[in-house]
Each structure stands twice: as C-alpha cells, then as structure tokens.
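Accompanying notes for the structure given below.
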Amino acid sequence: MTLSIPFDNTYANLPTNFYSKLTAKTVSDPSLIAYNSPLAIELGITGGNDRELTEIFSGNKIAIGSDPLAQLYSGHQFGQYNPQLGDGRALLLGETIGSDGLRRDIQLKGSGPTPYSRSGDGRAWLGPILREYVVSEAMHALGIPTTRALAAVLSGETVLREKLFPGAILTRVASSHIRIGTFQVYAAQRDWSSLKTLLDYAIARHYPHVEGPLGFLEAVIKSQAALIPKWMGVGFIHGVMNTDNCQVAGETIDYGPCAFMDRYNPMQVYSSIDRMGRYAYSTQPDIIVWNMAQLATALVPLMPDGDEAVEAFTKAIHAMPRLINQNWRTIFAAKIGISAVHPEDERLINALLTLMTDGQADFTNTFADLGSTSAREQFIEPKKYDMWEIEWQKRIATEKDPHTLMAKSNPVLVPRNHRIEEIILAALMGDYAPFQRLQIALNAPFEKNSEFSDLRRPPSVAQEVKATFCGT
C-alpha cells in the first residue's frame, strides 16, 4: 500500500515573510533506522514500505500534499538577542490532523541548508538524532508534553564536525513549531501587521478559548508554568532554554545538550556551551519567567492602552513564580506519596532534597525506591536519611494510598546520559540493538522490570558523562 500522509497545511498559507519555501537537499544512499508506527497511526499516516518511508523521511521525495518550508524566527541565546535565526537545518513538511482531532507539524531535522543556515551545512550527524529520538519518546512516556519522533534515517553521507560522522535525519512531530522567537522577530522589525497575524494564528491554533495579547500571554504562562515543574520532577535539564527553543504551545522542544541528572545537584549543568550555568537544573523556573517576559515585551505593542497594558503584562509575569512553585510542590509532594498537599509539606520535600545533595544520592533511584533499603543505600550517610524517613512516615500515615501515588509519580527508568552514549557508540559501529532495547524499556518507565534492571544503574566513575553537546 502506497504511503499516504493526510496533509492539511495552514502555516504555508501565512504571508511569505514568515518562511522560505524550498525542498530538502537530496542525499545519496539513505536507509531507515527507526519508524514510530503507533505515532504514524495517530497522525493518520497509512501504508508505506521501508523504501517509501526512507525516500520521504530523508527528503529525497516530496509526499503528496506536502508544502515544505523553513520557518523564520529570532531569539535570545544565553541572554543575548540574535535578530535572525530560523530553521537552519529543518524543513516543515506540513501539518496533519490526527485521529484525536489535534493538528500537528511534521518536520525534517538535518535535511540540508536553508536561507537561515548562517553558513552551516544544514545537516545533523547520527548521535544527536538518536539522542533526540530516544529522549523525546521517553519524555512522552513519562507524561511530559513534548515533541515526538516519527522516523530516523541514515543519509548515507558523512557530516564534518570535529571529525567525520555518519549523517542522519530526524522526522519530528510537534503541535507546532511557533516559538517565542517567532514573535520576537516581527516585534524587533516593528512589523506590527505580521505580529498581529502571527498572534491571531497562534491563538486559533493553540488557545482558541482566549482573546487578545494578554489572554494569549496568560495561556502560554500557564502552560510553561506546568511544564517546567514536570521536567524537574524527573531530573531533566534542558540545557539551552533560549527563547528560540521555547515553544508557545507548552511542549518541550529542541533536545540538544539536554540530560537527566544522576546524582542530585540543584546546580547541575551538562551543556558544554552553558559555561556560566545559566540553564542549570534549579535555575529553569527563573529562566522560563525571563523568557515569558520577552514574549510579553514582544506582544505589548499590540495592546491599545499603553501604560495599562504594561501594568497588566507585568502583573501576569510577576504572578508566574508562585504558579510554578505551586505546581512544583504538587509534583514533588506526589513523589513522596502526598496527594492532599499542605504548604508545610514543602519543608519536608526540601529537607529530602538537601539530604540528597549532601549525600550525593541518585535522583531517580532515591525517589523510585523511597522507603526501602535501596533508597537508604543511595546516601553517603544513611543515618541522616533515617531521621528524615521517620518524619516522612508519620506524614504519609494520614494519606489514603501513598505508595500507589509514588509508583505513578516516580519513574524507575530515564534515559541516562551514559546509556545514550552507549547506544550512539554502538550505532556508529552499525549495531542498533542497544538503541532498540533502550526504546522498548523506556516505553514503560514506571514499571520495575528485571529484564531492564541494568538500565537503572547509575554510571560508574568511568561511565559518567560530564558534558553534553548541541549536535549542530
């Protein structure tokens, strides 16, 4: 059966200054690495053999109904504004409306140069493609809003970074690729007409229940204030929370130098380009508030009432930290078995986190095994944990079913950095079995399955990954 993708494109109908239409640069000898059949069904994609899938998702062939384009945007990168960024190595193939009625983008990543490549080659190498495939699908299984991975293809060509690597292309699925930086580019250009067009489009697509710039800002704030605590609840560090990597629909996007913590450290940084720790684990709530302030700044010119608009926008931004903290407290209370959260429970949560920092306890395993000998063994000085546990047991004695709640709130498996490195090294040797096994295990991250018990182990000193890279 011939591959059929039910494209229903709307972004391509926006004014031409929103994008550049072009096709992917063909590659010489592509081959299919992975195809996410369950996601394809959800998107309404039918048919297709490996050859057809490879041709479409390598960019060598344009599917019927596709209208490829590279999107324009700008953004703050590590706090510094860059006036023009855009899809330097990505192409939006088009949109589909899935079986759930939701509209989603289908995008190629690593498909070749675009007008926004800024002298780059527009390609990606195999390592970052496998990382994004694994981590985005793991985040989905963990219940965290995220872009998804539909396919991964080897290009059959090499990509030069610090040395030659096999090239690869990811097919990414998102509710959209509209970023804070998409608004910033038109605000910086003082192109109020385009800014208003974008706002109307984004509201219609993502938040049809709201009206105007303020309603939109408040909706984006709410979605981001929910997202970041969910990241923190699984020990996730994005690594590059630039405004061009912050999507207005509230999904996690752009898995570059991202990582999951092993030992708990609130100031943990893995990103090789984050030399000042701007995007450390514990700074993520502050950074998302800063990012929302940049969105507010971009939207203010669309408000008719000047000073009153600034006051309303400022009030919305200033309310965000409290909202984030409320969500964080709910998530971490659930992690220790508390559903009826009291304000004083935050002290109990923070006491455990302090013990974990001082005791160099593994983040994932401590929470997954809380109350057992295994959790106690995570700490350098277990007796300090024992004292905390006594108080904790008294608190959860008043809860109806704390252990069921904890089992639902604490993953057993996350894609640990050293495991991702292992699958990349194996794939570079032509062995995709570790990649496939890790994918299967991470599909059920809350289940304690003895078959995958080795994937729970923290890295040894020799295995520890201290830096992750963006892959561009």
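The values are calculated or read from the model by the stated rules, or taken from the named source; none is laboratory data. If you're wondering where the values come from, they're calculated on a predicted model, not measured in any experiment. For neighbour counting, all protein chains shown are included, and Cβ atoms are generated from backbone atoms with ideal geometry for every residue, glycine included. With ligands, DNA and RNA removed, areas are computed over all heavy atoms of the protein, side chains included. Shrake-Rupley method; radii C 1.70, N 1.55, O 1.52, S 1.80 Å.
Overview of values
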read-out	value
Index of the failed condition, Pro304 passing every other in (1) out of contact with any Ser or Thr (no Cβ under 8 Å at 6 or more places or on another chain); (2) within 21 Å of Lys230 (Cβ to Cβ); (3) not in a helix (DSSP H, G or I)	(2)
Number of the exception - Thr16 against (1) over 30 Å from Leu199 (Cβ atoms); (2) open to solvent by 60 Å² or more (accessible area, probe 1.4 Å)	(1)
Residue in segment 287-294 that is closer than 30 Å to Ser193 by Cβ, outside any loop (DSSP other than H, G, I, E, B) and among the aromatic types (Phe, Trp, Tyr) present	yes
Answer from Thr2, Thr54 - the residue that is of a type in the set (S, T, N, Q) and buried (at least 19 other Cβ atoms within 10 Å of the Cβ)	Thr54
Sole residue being within 30 Å of Gln463 (Cα to Cα), without any contact (Cβ under 8 Å) to a residue 40 or more places away in the chain and open to solvent by 10 Å² or more (accessible area, probe 1.4 Å), chosen from Gly277, Gly306	Gly277
Checking Gly337 against (1) open to solvent by less than 30 Å² (accessible area, probe 1.4 Å); (2) of a type in the set (Gly, Ala, Ser); (3) on the phi > 0 side of the Ramachandran plot; (4) at pLDDT below 95, the condition it does not meet	(4)
Residues within segment 168-184 that are hydrophobic (A, V, I, L, M, F, W, C) and assigned to a helix (DSSP H, G or I), tallied	2
Residue match in segment 70-87 (condition: touching a Ser or Thr at 6+ places or on another chain (Cβ under 7 Å), open to solvent by 60 Å² or more (accessible area, probe 1.4 Å), within 19 Å of Pro115 (Cα to Cα) and touching a residue at least 24 places away in the same chain (Cβ under 8 Å))	yes
Gly239 being buried (at least 23 other Cβ atoms within 10 Å of the Cβ) and on the phi > 0 side of the Ramachandran plot	yes
Condition check for Tyr116: among the aromatic types (Phe, Trp, Tyr) and either without any contact (Cβ under 8 Å) to a residue 24 or more places away in the chain or in contact with a helix residue (DSSP H, G or I) (Cβ under 9 Å, 6 or more places away or on another chain) (or both)	no
All positions within segment 403-437 that are assigned to a helix (DSSP H, G or I), closer than 20 Å to Gly235 by Cβ and open to solvent by less than 10 Å² (accessible area, probe 1.4 Å)	Asn417, His418, Ile420, Ile423
Any chance Ala40 is under 20 Å from Val153 (Cα atoms), surrounded by 14 or more Cβ atoms within 10 Å (Cβ to Cβ) and either of a type in the set (Lys, Arg) or within 24 Å of the chain's Cα centre (by Cα) (or both)	yes
The listed residue being in a loop (DSSP other than H, G, I, E, B) and aliphatic (A, V, I, L, M), out of Ala249, Ala316	Ala249
Criterion: closer than 19 Å to Asn265 by Cβ, open to solvent by 70 Å² or more (accessible area, probe 1.4 Å) and among the hydrophobic types (A, V, I, L, M, F, W, C) - qualifying residue of Val465, Val461	Val461
Residue count for segment 375-392, restricted to those that are in a helix (DSSP H, G or I) and open to solvent by 50 Å² or more (accessible area, probe 1.4 Å)	6
Residue match in segment 170-183 (condition: basic (Lys, Arg), closer than 30 Å to Val134 by Cβ and modelled with pLDDT under 95)	no
Residue selected from segment 195-236 under the condition part of a helix (DSSP H, G or I) and among the aromatic types (Phe, Trp, Tyr), by the criterion surrounded by the fewest Cβ atoms within 10 Å (Cβ to Cβ)	Tyr201
Subset of segment 315-334 (residues that are within 11 Å of Lys222 (Cα to Cα) and open to solvent by less than 50 Å² (accessible area, probe 1.4 Å))	Ala316, Ile317, Met320, Ile324, Asn327
In segment 215-239, residue farthest from Ser272 (Cα to Cα) [restricted to those that are aromatic (Phe, Trp, Tyr) and under 12 Å from the mean Cα position of the chain (by Cα)]	Trp231
Yes/no for Leu355 being modelled with pLDDT of 95 or more and either in a helix (DSSP H, G or I) or open to solvent by 20 Å² or more (accessible area, probe 1.4 Å) (or both)	yes
Yes/no for Pro128 being open to solvent by 20 Å² or more (accessible area, probe 1.4 Å) and over 10 Å from Tyr255 (Cβ atoms)	no
